[in-house]
Amino acid sequence: MSKESLLERINSPADLKPLNAEQLRSLAEEIRVYLTECVARTGGHLAPSLGVVELTIALHKVYDIPKDKLIWDVGHQAYVHKILTGRRAQLPSIRQHGGISGFLRIEESPYDLYGAGHASTSISAAMGFAKARDFRGGQESVLALIGDGALTGGLALEGMNNAADDGTNITVVLNDNEMSIAENVGALATYLAKLRVQPMYQFTEHTAKAMIAGLPIGGGILNKAAQGAKRAATHFATPQHTGLLFEEMGFQYIGPVDGHNVEALCNLFSHVKKLKGPVLVHVLTRKGKGIPYAEADSRTYHGLSTFSPDDGKIETKASGVAYNTVFVDTLNDVAETDDKIIAITAAMPDGTGLKKFAKLHPERCFDVGIAEQHAVTFAAGLAAEGYKPVAAIYSTFLQRAYDQIIHDVALQHLPVRFFLDRAGLVGDDGGTHHGVFDLAYLRCIPNIVVMSPKDTDEMRAMTRFAMAYSAGPVAVRYPRGSSPQLPQAIDLGEREIVLGRAETLIDGPDVAIIAIGAGVEIALDAESQLCKDDIRATVINARFCKPLDSETILAAARKCGRVITVEDGQVQGGFGSAVLELLADNGVTVPVRRIGLPDAFIEHGPVPVLRDEVGLTSQNVAQTARELIGERPQSRSHNARNGNYAETPSQELSAVK
Ligand SMILES: Cc1ncc(C[n+]2csc(CCOP(=O)(O)OP(=O)(O)O)c2C)c(N)n1
C-alpha cells in the first residue's frame, strides 16, 4: 500500500482498526504533510495539531468514538481528528466562510461530541458525559484531552477536583508539550516539568499489562500490597512513594508516556480502557512535531495566517499600525515615569502585545496562565493597594471573568484598567471568539467606564485617558488589526478624551448617525453616500458607551428627528440599546434604528463578508437613513406612540447561518 493511498482510504475511524504499527506510522507522516499543506493555504492552528498526530490516531484506533466519548479541550489541536472522522476532503475549507470550523462543533459532525474554543472546559464537560453514562447504566469510556496550558485554567482544576472525588470512570489525557501559546507558566507547569524528566513509562506485555489486568481495580478496596504493585505497574515513581500530586488527588497516574510512539500509545490505551475510576495519562508531545520550522518555533506556528509549506515563510500583508501596538507603546511611554503600572495577561503575551511591556519591565508584567478570573481579581488586589493594574484580555476571554469584574472590581470602585483586544467580529475563529458581547455585558455594571476608539490615534488618547483615570474601573475595547483610514476631508477634531464626552464629526439636519468604535468608519462612509442623495447627516463618534454623552446625543436626536446607531457588537443590550434608553428616559420619541450584530451567533469567515451578511455596512446604514427619511410623519409618531424604537434592520435584512 503506497503512502498516498493510505490516507485516502481513511474515511472514518473504522478504517484505522485493521492497520498495523508500520502502517500507522506511515499514516502519521502522510497526515503531517497533508495538514501542513492545507493550513499553509488557509491559515489556522498548525503546531498544536502536528503535536497530537500519533495521539489522535491512537485514541481513534483504540476507542470506539463516538460511542466512547472523547472531549477535546479548546479544539484548536483537533485538525487530525477532523481528518480521521470523514472530513479529510473538507480540510482545505477549514475556517473559510461556509467551510468547516477551526474548532469542534456539535453541529458539524457526530464525532464532535462537544464544542469549544475557550480553554479548560473538557474535564467538566467529560464529567457530565460520565455521570450521564452512569445514570443510564452505560459502559462506554469517557475521555478529556487537555493541554498543559489549558490545565492552568481554574475550570480545569475544578473539574479535576470533582472527578477525583466522585470516583467515576473517566480518563484525562494530558497532552503536555510544555507550551501554552507562549511557554506554559505557573507552579503546575514546573511540577509537570519535574515529571517529564522521570524515566519514560514503558508498558510491556508481560509486566504491567498482566498486573493491571489481574488486579482488583475499581470497585473493591485494594489492599496495601496490591496498591503498591499497581502503582509500580502504572507509573515510574518508586512504588511506595505517594507524593504524586495526581495520585494524591485520587487519579491513577500513568506516565510520562512518549506521545509520538503510536504503537506504544495504542498498546497503553487498550489497557487504560479497562481501568476503573479516574485515570490521568500524562503524554509528552512536541508542538509542531515533524515539520522543522513549526517544531523550532511553535509560538509563531501555533496559529497563523497563510505561509509557504516548504520553508514556513509567512506571507505578511502590508497594513497600518495595529491597535495592540499602539496600546502597548503608549503603555510603555506612561510606565516609564510611573512605576505603579503593572500589566497582566492571561496566557496571551503575544496577542495582547504585552510581550513588549515585559521586555522593558519584566518585574511588572505577569503572565498568570489561562486564568482570566484570577487575572482580574489579582488586578483588583493590586488596585486596592494603590497600584495601577492593566488587565489586557481579549474581549471574548474576559467573559470568563464576569463575576470578578462585578464583585471584585466594580463593586469596590477599584481602578483596574481593562484593555479588550479583538472586540467585534474577529473573522476565521468564528462564534467562540467574536468579541461582540462586551458592550452589552459591561455597560450594565455600575461604576465602570466603557469606551471604544474610532481609530488608532484615538486608541492612543484613550490609553492615556484610561491610565490617568482613577475613580473606578475603565474598559477600552478595540478591534483586531490596524486603523481604518478615515476620510481626510473631515475635521476629526481634537484628540483629548474627556469623560463621557462624544465628538460630533459632521453636523447635518436630516438624520443623526451615532456610532462607536469601528462603527464610526461605517457611519462616515454612509454619510458620504447620503451626501450624493442630498441627505445631510450628523455623524457622532460616541467614544463612550458608558457614561453616554447625553447632552450631545439628545440634542442631535431632537434636531434631526431620526437616529441610527452603529456598533460592531450585539444590538441586544449594546450601545444602541443604551442610546434608546437615554432617549426614552428623556421623553425623546423619535424613530431609532440600531445597526449592529443580530441576536444570533455569527459563523467564521472574513470580517467584511460577515458584516455584509448581517447588514453591518455603510450601504445598510445609508439605506436605513433613506427609509427613515422617506417615512411619513404619521408613521413616525405611530412608532413613537407604541414605543417601537427598536426595529433592527440588521436583523431584518440578514440571515445568519
Ligand atoms: C479562556 C481562554 N483563554 C485564552 C485562550 C487562548 N488560547 C488558545 S489555545 C491556548 C494555549 C493552550 O495551550 P495548551 O492547552 O497547552 O494546548 P497546545 O496549544 O499547547 O496544544 C490559549 C492560551 C483560550 N482559547 N481560552
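The values are calculated or read from the model by the stated rules, or taken from the named source; none is laboratory data. Please read all numbers here as calculations on a predicted model, not as lab measurements. Neighbour counts are summed over all protein chains in view; Cβ atoms, including those assigned to glycine, are modelled from backbone coordinates with ideal geometry. Keep in mind that these areas ignore ligands, DNA and RNA; they rest on the heavy atoms of the full protein, side chains included. Shrake-Rupley method; radii C 1.70, N 1.55, O 1.52, S 1.80 Å.
Pairs meeting the criteria (first residue in the range 246-259 and over 22 Å from residue 178 (Cα atoms), second residue assigned to a strand (DSSP E or B), beta carbons under 8 Å, at least 6 apart or on different chains) are 250/278.
In the list 248, 295, which residue meets the criterion of being modelled with pLDDT under 95, open to solvent by 10 Å² or more (accessible area, probe 1.4 Å), assigned to a helix (DSSP H, G or I) and of a type in the set (D, E, K, R)?
248
Just to be sure, is residue 497 within 18 Å of residue 459 (Cβ to Cβ), in contact with a strand residue (DSSP E or B) (Cβ under 8 Å, 6 or more places away or on another chain) and at pLDDT 95 or above? Spelling it out, residue 497 is indeed within 18 Å of residue 459 (Cβ to Cβ), in contact with a strand residue (DSSP E or B) (Cβ under 8 Å, 6 or more places away or on another chain) and at pLDDT 95 or above. Of the set (1) modelled with pLDDT of 95 or more; (2) of a type outside the set (Ser, Thr, Tyr); (3) more than 16 Å from the ligand (Cβ to nearest atom), all apply to residue 205 but (1). Residue 414 falls short of the stated requirement of being at pLDDT 95 or above and assigned to a helix (DSSP H, G or I).
Answer with yes or no whether residue 36 is open to solvent by less than 30 Å² (accessible area, probe 1.4 Å) and without any contact (Cβ under 8 Å) to a residue 40 or more places away in the chain. Against the criterion (open to solvent by less than 30 Å² (accessible area, probe 1.4 Å) and without any contact (Cβ under 8 Å) to a residue 40 or more places away in the chain), residue 36 does not qualify. Looking only at residues in the range 123-154 that are within 16 Å of the ligand (Cβ to nearest atom) and over 22 Å from residue 178 (Cα atoms), the one that is surrounded by the fewest Cβ atoms within 10 Å (Cβ to Cβ) is 124.
Among residues of the range 46-59 that are over 17 Å from residue 308 (Cα atoms), those with a Cβ under 8 angstrom from a residue that is more than 10 Å from the ligand (Cβ to nearest atom) and aromatic (Phe, Trp, Tyr), sequence gap 6+ or separate chain, pair up as 49/79; 58/269; 59/269. Filter the range 517-543 down to the residues that are outside any helix (DSSP H, G or I) and surrounded by fewer than 24 Cβ atoms within 10 Å (Cβ to Cβ) and list them by number. Residues satisfying the conditions are 533, 534, 535, 536. When both residues are 6+ apart or on different chains and their Cβ atoms are under 7 Å apart, which pairs have a first residue that lies in the range 280-301 and is closer than 12 Å to residue 48 by Cα and β-branched (Val, Ile, Thr), and a second that is open to solvent by less than 50 Å² (accessible area, probe 1.4 Å) and in a loop (DSSP other than H, G, I, E, B)? Filtered contacts from the range 280-301: 285/51; 285/52; 285/177; 285/259; 285/260. Count of the range 39-65 residues, restricted to those that are crowded, with 17+ Cβ neighbours inside 10 Å and either on the phi > 0 side of the Ramachandran plot or outside any helix (DSSP H, G or I) (or both), is 8. For residue 309, the conditions (1) within 16 Å of the ligand (Cβ to nearest atom); (2) open to solvent by 30 Å² or more (accessible area, probe 1.4 Å); (3) touching a residue at least 60 places away in the same chain (Cβ under 8 Å) all hold with the exception of (1).
The residues of the range 1-16 that are open to solvent by 80 Å² or more (accessible area, probe 1.4 Å) and either modelled with pLDDT under 95 or within 15 Å of residue 265 (Cβ to Cβ) (or both), listed by number, are 1, 3, 4. List pairs: first in the range 106-120 and over 23 Å from residue 435 (Cβ atoms), second open to solvent by 30 Å² or more (accessible area, probe 1.4 Å), Cβ under 6 Å, 6+ apart or cross-chain? Once the first residue is over 23 Å from residue 435 (Cβ atoms) and sits in the range 106-120, its partners that are open to solvent by 30 Å² or more (accessible area, probe 1.4 Å) give 110/66; 111/66; 112/105; 112/106; 113/66; 113/69. Scan the range 385-411 for residues that are more than 16 Å from the ligand (Cβ to nearest atom) and of a type in the set (Lys, Arg) and the total you get is 1. Among the residues that make up the range 619-633, is at least one of them surrounded by 18 or more Cβ atoms within 10 Å (Cβ to Cβ), farther than 23 Å from residue 498 by Cα, modelled with pLDDT of 95 or more and not aliphatic (A, V, I, L, M)? For the range 619-633, residues surrounded by 18 or more Cβ atoms within 10 Å (Cβ to Cβ), farther than 23 Å from residue 498 by Cα, modelled with pLDDT of 95 or more and not aliphatic (A, V, I, L, M): present.
From the list 39, 62, 52, 74, the one residue that fits, being modelled with pLDDT of 95 or more and either within 19 Å of residue 8 (Cα to Cα) or of a type in the set (D, E, K, R) (or both), is 39. For the range 315-341, filtering for residues that are among the β-branched types (Val, Ile, Thr) and modelled with pLDDT under 95 leaves 2.
Scan the range 349-369 and tell me whether some residue there is within 23 Å of residue 330 (Cβ to Cβ), at pLDDT 95 or above, β-branched (Val, Ile, Thr) and more than 12 Å from the ligand (Cβ to nearest atom). No, the conditions are met nowhere in the range 349-369. Pairing residues of the range 550-561 that are under 11 Å from residue 509 (Cα atoms) with residues that are open to solvent by 50 Å² or more (accessible area, probe 1.4 Å) and outside any helix (DSSP H, G or I), at Cβ distances under 7 Å and at least 6 apart in sequence or on separate chains, gives 559/509; 560/509. The set of residues in the range 422-435 that are assigned to a loop (DSSP other than H, G, I, E, B) and within 16 Å of the ligand (Cβ to nearest atom) comprises 422, 423, 426, 427, 428, 429, 433, 434. Looking at the structure I just gave you, is residue 553 crowded, with 21+ Cβ neighbours inside 10 Å, in a strand (DSSP E or B) and of a type in the set (Val, Ile, Thr)? Criteria not met by residue 553.
Of all residues in the range 448-473, those satisfying the criterion of being hydrophobic (A, V, I, L, M, F, W, C) and more than 22 Å from the chain's Cα centre (by Cα) are 448, 449, 459, 461, 462, 465, 466, 467, 468, 471. Taken over the range 354-408, the residue count meeting the criterion of being touching a residue at least 40 places away in the same chain (Cβ under 8 Å), open to solvent by 10 Å² or more (accessible area, probe 1.4 Å), farther than 18 Å from residue 158 by Cα and in a loop (DSSP other than H, G, I, E, B) is 3. Within the range 374-384, identify whether any single residue is β-branched (Val, Ile, Thr), out of contact with any helix residue (DSSP H, G or I) (no Cβ under 6 Å at 6 or more places or on another chain) and at pLDDT 95 or above, and answer yes or no. Scanning the range 374-384 turns up no residue that is β-branched (Val, Ile, Thr), out of contact with any helix residue (DSSP H, G or I) (no Cβ under 6 Å at 6 or more places or on another chain) and at pLDDT 95 or above. Taken together, the criteria exclude residue 63 from residues that are farther than 25 Å from residue 142 by Cβ and among the aromatic types (Phe, Trp, Tyr). Take the residues in the range 156-184 that are within 12 Å of the ligand (Cβ to nearest atom) and touching a helix residue (DSSP H, G or I) at 6+ places or on another chain (Cβ under 6 Å); name whichever of them is farthest from residue 288 (Cα to Cα). Only one residue fits best here, namely 156.
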